[in-house]
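Here is the structure we will look at.
The values are calculated or read from the model by the stated rules, or taken from the named source; none is laboratory data. Everything quoted here is computed from the prediction, not taken from an experiment. Don't worry about glycine lacking a Cβ; one is built from the backbone with ideal geometry, like all the others, and counts go over all protein chains shown. Protein only, heavy atoms only, side chains kept; ligands, DNA and RNA dropped before computing areas. Shrake-Rupley method; radii C 1.70, N 1.55, O 1.52, S 1.80 Å.
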Amino acid sequence: TSLLTLARMALAGDGMAVDVPRAKTLFEQAIAAGYEKVGWVALGDLYRGDNDLHDLAKAAEAYQNAADAGDTTSLLTLARMALAGDGMAVPPDPPRAIEYLSIAADLGSTDARLRLGEMIARGEGIAQDTSLGFAILSEVAAAGDVRGIVAIGDLYANGSVGPVDGSAAIDAYQAAASRGSADAMMKLGYAYRDGKMVGADGALAVRYFNMAIDAGQAVARVVLGRGHLERRFAGVSSPVEGIETLVDAERLGVPEAAVAISNAYLNGTGVGRDARRAMLTLEVAAQDGNVQAARRLIEIYRDGHPPLISPNRSKAESYLQQFANLLDSRALVTQEILLKAAGGSSPSVYDAIYRDLFGRVHQPGRRSIV
């Protein structure tokens, strides 16, 4: 296990400089020492990562070795890669994903049975059999995993098994909510808030979001607070309650809360516009280690937020330096490149930025930056 620990430290730069080749070697030594499952998974993760050894084909091979050693989670990863075409086939290969999921399901993986049931019900990679797919998901639910019921609701809600059936979806979500599913409570809250699949009912939406909060869904506080501020709960919206809910969420450590509070004061949503309070909220949160707040600070000063805040690249660069330790390597490079792009003024400058992008960021991160 010391080999694995050292490898992870080398990969993360924990107490030492980042050394991906050394991490690879240590993972290989751990595999040779008998830690096959965890070692092959770690090696697969390394090859899938945003680093100089990024190689999806080698990642797939490593996960296959882990699966051969008895690791069912690797079968799920291989299934996801097959669906995306990552390192295996282009275009994606749903039938191959079905094979991986079937093996994992036979080995007892509930996650595999869930995904398999969904794909069979939709006819994704296999002949559509709605009855069999629903039966698999129902068996998952009967075995005590309420996600099976939520998945059935999703299939009805998104029209994957025929026309959208809002009534059936709501029934499924209500059944799952009655068994404690915070996910189902959130879906019901959204449905009643937005009037999708069911008539809009602000009071019921608030009720379900509060139920989700009680069930441990932290982000429900932010959704509830924003809903009040944006007056999305017909007849029961309360901006005062909205800002109080967001402040409570921030105090409880919900990372999305600080950004939501800041946006409310910047846009005057349910409260008066107050640029100073908006930015102070982000700065305090970032100083407390909130990554989302740090990124939002940099973005606002990089791009500006008319009419209250003009672009200020100097401030954006200062905040990037101050909070660089909160960002992972890809996020840090992304922010540096976007800052350069914000100051670009000619085709030659943008050409240099583009070359920098391809030189510093590997394939998984390029598309979002472009």
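Would you list, by chain and number, the aspartates and glutamates whose Cα falls below 19 Å from the Cα of Lys187, excluding same-chain residues fewer than 8 positions away? Leaving aside aspartates and glutamates fewer than 8 places away in the same chain, those within reach of Lys187 are Glu118, Asp145, Asp154, Asp165, Asp171, Asp201, Asp214, Glu230, Glu256.
When a 1.4 Å probe is rolled over the protein heavy atoms, the share of accessible surface on the chain that falls to carbon and sulfur comes to 50 percent. Remark: the range 230-344 carries 50 Å² of accessible area per residue (probe radius 1.4 Å; ligands, DNA and RNA excluded). For the chain, set up a GNM with springs between Cα atoms under 10 Å and report which of Gly148, Gly125, Gly117 has the largest fluctuation. Maximum fluctuation in the GNM of the chain, among the listed residues, is at Gly125. Please work out how much length the chain gains when fully extended from Val18 to Arg207, using 0.36 nm per residue of separation minus the C-alpha to C-alpha distance, in nm with one decimal. Taking Val18 through Arg207 to full extension adds about 63.2 nm, to one decimal.
Just check the chain against the gyration tensor rule for me: Cα atoms, a ≥ b ≥ c as the square roots of the eigenvalues, rounded for a/c under 1.5, and otherwise prolate or oblate depending on whether a/b exceeds b/c. Verdict is oblate for the chain. Oblate is the label for the range 18-73. Its Cα gyration tensor axes, ordered a ≥ b ≥ c, give a/c of at least 1.5 and b/c at or above a/b.
For the range 64-158, what is the accessible area per residue in Å², given a 1.4 Å probe and the full set of protein chains?
Per-residue accessible area for the range 64-158 comes out at 44 Å².
What residue among Ala293, Ala176, Ala142 shows peak mean-square fluctuation when the chain is described by a Gaussian network model with Cα springs under 10 Å? For the chain, modelled as a Gaussian network with Cα springs under 10 Å, the answer is Ala142. Extending 7 Å from Cα along the Cβ direction at Ala234 and again at Ser102 yields two label points whose distance is 4.8 nm.
With a ≥ b ≥ c the root eigenvalues of the C-alpha gyration tensor of the range 108-211, is it rounded (a/c under 1.5), prolate (a/b larger than b/c) or oblate? Mind dumping the intermediate values first?
Working: a/c = 2.94, a/b = 1.55, b/c = 1.89.
Judged from the Cα gyration tensor, the range 108-211 comes out oblate (a/c at least 1.5, b/c at or above a/b).
Okay, helix-only estimate at 222 nm for the chain: each DSSP H run of n ≥ 4 adds -39500 (n - 2.57), divide by all residues, round to 500 deg cm²/dmol; what do you get?
On the way: 21 runs with 260 residues, N = 370.
After summing the helix terms and dividing by the residues of the chain, the value is -22000 deg cm²/dmol.
Averaged per residue, the range 1-48 has 53 square angstrom of accessible surface, using a 1.4 angstrom probe with ligands and nucleic acids left out.
Comparing Leu56, Leu101, Leu78 in a Gaussian network model of the chain where C-alpha atoms under 10 Å apart are linked, the largest mean-square fluctuation is found at Leu56.
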